[in-house]
């Protein structure tokens, strides 16, 4: 990752932009499109602006994946296996309680 | 199994925003305290409350239903054994997710000894890398991304890209935390995250329904 503190944001090339884009995202709290330093560049480079919009849309939608949907449960076998393992270990050194229901 | 690393440690100061992303769940605090005292029904409640998120995290990291179920089982067995060390300095879900992430990473490292080095896993081959393609505005995503399409695209990412993307953009870990977990530099994490997003853009613009990678056929979205 390269330092961009001395970069002239209005005169940088698309290649410069591509090079520094990971840092822009990292430093801009994930929102490059609202970075005041980049407004002129993005206005003059619509393809770069489209790229930024897409990457921001992907990151925004990714946050919604944090909450799983109702069909994303593990099978019943997982809980059965946990119960069995706990039963086995409760007979040994761990002496864990054995949950019966969920 | 001895799980080393971050999952059993808690930050000296709770991270701001953690509770915003992982707000307390009704009845959870009571269940945690009861579980610490060995209440079996409280364990059942904690499983019911968190199974879906833990399983989904495993599934996204591993891309394989069977392995994801195995790791879900391991995560809860660890939780049951170690819940006494949870001090409530971070959200319980954050603590549990961290425990799960480290278990999955340990599992992958173990597999990696026989399959592929962690370095290769983190850095996908040239073939998997995103194309350097700025243009073609007519194919842009028009500012919105469908959840189902994104889930499918994430599942078909190369493992290294998928790992960093899921940890950062879905789970909300910072690049420096991911770097510690994956034993790489923060710069590497940032770079992999950016490449992952570029690859996703490519996959979303040019979906390939027939090109499901091995082991992902069971993943439903």
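Values in this text are rule-based calculations from the coordinates and carry no lab data. Small disclaimer: the values here were computed from a predicted structure and weren't measured. All Cβ positions, even for glycine, are placed from backbone atoms using ideal geometry, and neighbour counts span all protein chains on display.
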> Considering every residue in B:39-52, what mean count of other chain Cβ atoms within 10 Å of its Cβ is obtained?
Replying inline: 5
>> Using Cα-Cα distances under 8 Å and only pairs 6 or more residues apart, what relative contact order does region A:14-64 have, in percent?
In response: 31 percent
> Other chains near A:47-56: what is the mean number of their Cβ atoms within 10 Å of each residue's Cβ?
Replying inline: 6
> How well do other chains shield peptide A:19-27, expressed as the mean number of their Cβ atoms within 10 Å of each residue Cβ?
Replying inline: 4
>> Full-extension gain between residue B:48 and residue B:111, please, as 0.36 nm times their residue separation minus the C-alpha to C-alpha distance.
In response: 19.7 nm
> If one computes P(r) from the Cα atoms of region A:14-64, what percent of pairs lie at distances over 12 Å?
Replying inline: 63 percent
> To the nearest Å, what is the center-to-center distance of region A:1-47 and region B:148-175, using C-alpha atoms only?
Replying inline: 24 Å
> Reported to two decimal places, what Rg/Rh ratio describes region B:18-112 when computed on Cα atoms with Rh from the Kirkwood expression?
Replying inline: 0.97
